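**Student:** Just passing along the structure, written as structure tokens.
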Amino acid sequence: MTPLTRPRIVAAAIDLIEREGADAISMRRIAADLGVGVMSLYNHVPNKAALLDAVAETVLSEIEFTDDPSAEWTERVRIQARAFRQIAHHYPRSTMVVVSRQLKSTAGLFPVERALSTLREAGFGGEDAVQLLRTFIAYVVGSLLREVGVTPTFAPVHRNDVHLAVVDPALFPEVSALAPLLGVCDHEQAFEYGLDMLIKAMAVRLEESKSAAKAEKGSARG
């Protein structure tokens, strides 16, 4: 019989979340899935909250970065955003657990440190770096919700044939005119479009911050 370990328990939790959603998680259910006594789980994981923390940390630890420190910061941000999106696609329901937990472990904080370091090295102040990180996470998660159709219980619903209902062009002239575009979506293209918009806005924000700092320094000298 395979020995009971913390990684095995966490893997079972991730599998259950991806199949049935985070609401299905309980120590008793995990024990049943593993074919062990529920009390044996507590030798490795103290409670359900700790188990969900471990799920979040494990998912984040699987993000594969191909970051190039010598590249422009804009390209580094793109690489990191795409890496997070890729893991979110692999674990759509567990990603929702990730964004709901306060991460504390080394594995869980590493991607956060990488993202913040990239922004700080680019010249962003601490407050801007934190706000931009949160904005990117919100954007990636929002894209995930649209792409895989995650419901309030985090259950993927695959829609193969989506059509807008017939609308009255007199009441909704723009919706009617743009219905062919609204009815289809290339998710890869949509993600890259939004990512490009965010990065361009970031570049403008950075230049504004530099200008403000320069003006403040000049005022202080005067």
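Residue-wise test of (1) surrounded by 16 or more Cβ atoms within 10 Å (Cβ to Cβ); (2) modelled with pLDDT of 90 or more; (3) of a type in the set (Ser, Thr, Tyr).
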| residue | (1), (2), (3) |
| --- | --- |
| Ala56 | yes, yes, no |
| Ser61 | no, no, yes |
| Glu72 | no, yes, no |
| Arg78 | yes, yes, no |
| Gln86 | no, yes, no |
| His89 | no, no, no |
| Val98 | yes, no, no |
| Gln102 | no, no, no |
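**Student:** Among the residues of the range 30-42, is there at least one that is of a type in the set (S, T, N, Q) and either without any contact (Cβ under 8 Å) to a residue 24 or more places away in the chain or crowded, with 19+ Cβ neighbours inside 10 Å (or both)?
**Tutor:** no
**Student:** How about the range 50-68: which of its residues are touching a residue at least 40 places away in the same chain (Cβ under 8 Å), β-branched (Val, Ile, Thr) and not in a helix (DSSP H, G or I)?
**Tutor:** Answer for the range 50-68, where residues must be touching a residue at least 40 places away in the same chain (Cβ under 8 Å), β-branched (Val, Ile, Thr) and not in a helix (DSSP H, G or I): just Ile63.
**Student:** Is it the case, given these coordinates, that Glu127 is closer than 25 Å to Ala212 by Cβ and free of Cβ contacts under 8 Å to residues at least 40 places away in the same chain?
**Tutor:** Taking the combined requirement at face value, the residue satisfies it.
**Student:** If I filter the range 37-49 for residues that are among the polar types (S, T, N, Q), within 19 Å of Arg93 (Cβ to Cβ) and outside any helix (DSSP H, G or I), do I get at least one hit?
**Tutor:** no
**Student:** Just one of Phe124, Phe84, Phe65 is of a type in the set (A, V, I, L, M, F, W, C) and more than 16 Å from the chain's Cα centre (by Cα); which is it? Walk me through it before giving the result.
**Tutor:** On the way: Phe84 fails: more than 16 Å from the chain's Cα centre (by Cα); Phe65 fails: more than 16 Å from the chain's Cα centre (by Cα).
The conditions single out Phe124.
**Student:** What's the total number of residues in the range 126-153 that are surrounded by 14 or more Cβ atoms within 10 Å (Cβ to Cβ) and in a loop (DSSP other than H, G, I, E, B)?
**Tutor:** Selection size over the range 126-153: 2.
**Student:** Give the residue, chosen from Thr95, Thr135, Thr106, that is over 12 Å from the mean Cα position of the chain (by Cα) and not small (Gly, Ala, Ser).
**Tutor:** Thr106
**Student:** Regarding Val184, is this residue out of contact with any Lys or Arg (no Cβ under 6 Å at 6 or more places or on another chain), among the β-branched types (Val, Ile, Thr), surrounded by 13 or more Cβ atoms within 10 Å (Cβ to Cβ) and modelled with pLDDT under 85?
**Tutor:** For Val184, the condition - out of contact with any Lys or Arg (no Cβ under 6 Å at 6 or more places or on another chain), among the β-branched types (Val, Ile, Thr), surrounded by 13 or more Cβ atoms within 10 Å (Cβ to Cβ) and modelled with pLDDT under 85 - is not met.
The values are calculated or read from the model by the stated rules, or taken from the named source; none is laboratory data. Keep in mind that this is a model prediction, so the values were computed, not measured. Positions of Cβ are generated from backbone atoms using ideal geometry, with glycine treated the same way; all protein chains shown enter the neighbour counts.
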